[in-house]
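Data block below; observations after.
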Amino acid sequence: MINIQELKFDDQGLIPCVVQDFYTNEVLTVAYMNTESLEKTLNDQQMTFYSRSRQELWRKGETSGNTQQLVTLKADCDKDSLVAKVIKAGPACHTNAESCFFNDIFKADGQQEFSVQDLYELILGRKTNPQEKSYTSYLFSKGNEKILKKIGEEATEVVIGAMKASKAETTYEIADLIYHLLVLMANNEILPADVMAELSKRQVVDKKVKQETMK
């Protein structure tokens, strides 16, 4: 742990801060802090920055409600820039995008970014804008009962694949199960971040939460 007095602010008294989503590691925005905004952020764990255009402090979400709760804050090796990981409530960008970084400049051939959040948003899109030949839209139209039935079927397929000791088959069936779980989540307004937040509360590796008492 270092003292903030060790940080190197520029000649305007500012230091850049890269803000990342705590659960997904997605870069949300880059903003600037001065000593006062940094102290406020550390005191109440709510991200507060310094606006270079308005030349005043601004707390993220003060008007929009899209706040960012600080979880970790690190300085780089030169101590002249910061990385903050946050739990966000709502979109990070003033355009209402989840991240400020959505303008592609270059993407290597054959390379495609993909995350559980990306898949969730794609699935959610099939709920808000149903498509006639979409299996996902079909599941939403049938509701929880159909979705739960599919989850039960896919969970069984995972067990069968694992019993065969087939890595390929088990991986395939796990992917199917995760997809259907995400459909259930979208149908019940449960976010991936909600699940990650629940997991973060638990010592899931060494502590059983609701299962049998360890003997």
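Computed from the coordinates by the stated procedures, all read-outs in this text should not be read as laboratory data. For clarity, every value in this text was computed on a predicted model and none was experimentally measured. We place every Cβ from the backbone using ideal geometry, glycine too, and count neighbours over all the protein chains shown.
Taking amide hydrogens as placed 1.01 Å from N in the peptide plane, the amide H of GLU26 sits under 5 Å from those of ASP21, each at least 5 positions away in sequence or on another chain.
So for the range 50-98, considering every pair of alpha-carbon atoms, how many percent are separated by more than 13 Å? Value for the range 50-98: 67 percent of Cα pairs lie more than 13 Å apart. Helix 144-163 and the long axis of the chain differ in direction by around 80°, with both axes built from C-alpha atoms.
Helical content of the chain, expressed as a calculated mean residue ellipticity at 222 nm, amounts to -12000 deg cm²/dmol (DSSP H runs of 4 or more residues, -39,500 (n - 2.57) each, divided by residue number, nearest 500).
With θ taken as phi - 60° and the Karplus curve 6.51 cos²θ - 1.76 cosθ + 1.60 applied, the whole-hertz 3J(HN,Hα) list for the range 127-137 is 8, 6, 10, x, 10, 4, 9, 8, 4, 5, 4 Hz, x standing for glycine and proline. Normalised size of the chain, defined as Cα radius of gyration per 2.2 N^0.38 Å with N residues, equals 1.28. By the Cβ rule of 4.7 Å, the chain holds the following cysteines without a possible disulfide partner: CYS17, CYS77.
Rounded, prolate or oblate: which fits the range 1-67, taking a ≥ b ≥ c as square roots of the Cα gyration tensor eigenvalues, rounded meaning a/c under 1.5, else prolate when a/b beats b/c?
Numbers: a/c = 1.55, a/b = 1.21, b/c = 1.29.
Oblate, because a/c is 1.5 or more while a/b does not exceed b/c.
Please work out how much length the chain gains when fully extended from GLU145 to VAL159, using 0.36 nm per residue of separation minus the C-alpha to C-alpha distance, in nm with one decimal. Write out the running numbers ahead of the final one.
On the way: separation 14, 0.36 × 14 = 5.04 nm, distance 2.15 nm.
Result: 2.9 nm gained on full extension.
Loop-located chymotrypsin sites (Phe, Trp or Tyr not before Pro) in the range 107-192 (DSSP state other than H, G, I, E, B) with a sparse environment of at most 16 neighbouring Cβ atoms within 10 Å: PHE114.
Separation of the range 98-146 from the range 156-205 is 17 Å, based on Cα centroids.
Across all C-alpha atoms in the range 45-171, the radius of gyration and Dmax reach 21.4, 64 Å. Helix 167-187 and the longest principal axis of the C-alpha atoms of the chain enclose an angle of approximately 70°.
Approximating the spin labels as points 7 Å out from Cα along Cα→Cβ, the ASP78-to-PHE9 distance works out to 1.9 nm.
Between the helical axis of 35-44 and the longest alpha-carbon principal axis of the chain there is an angle of about 40 degrees.
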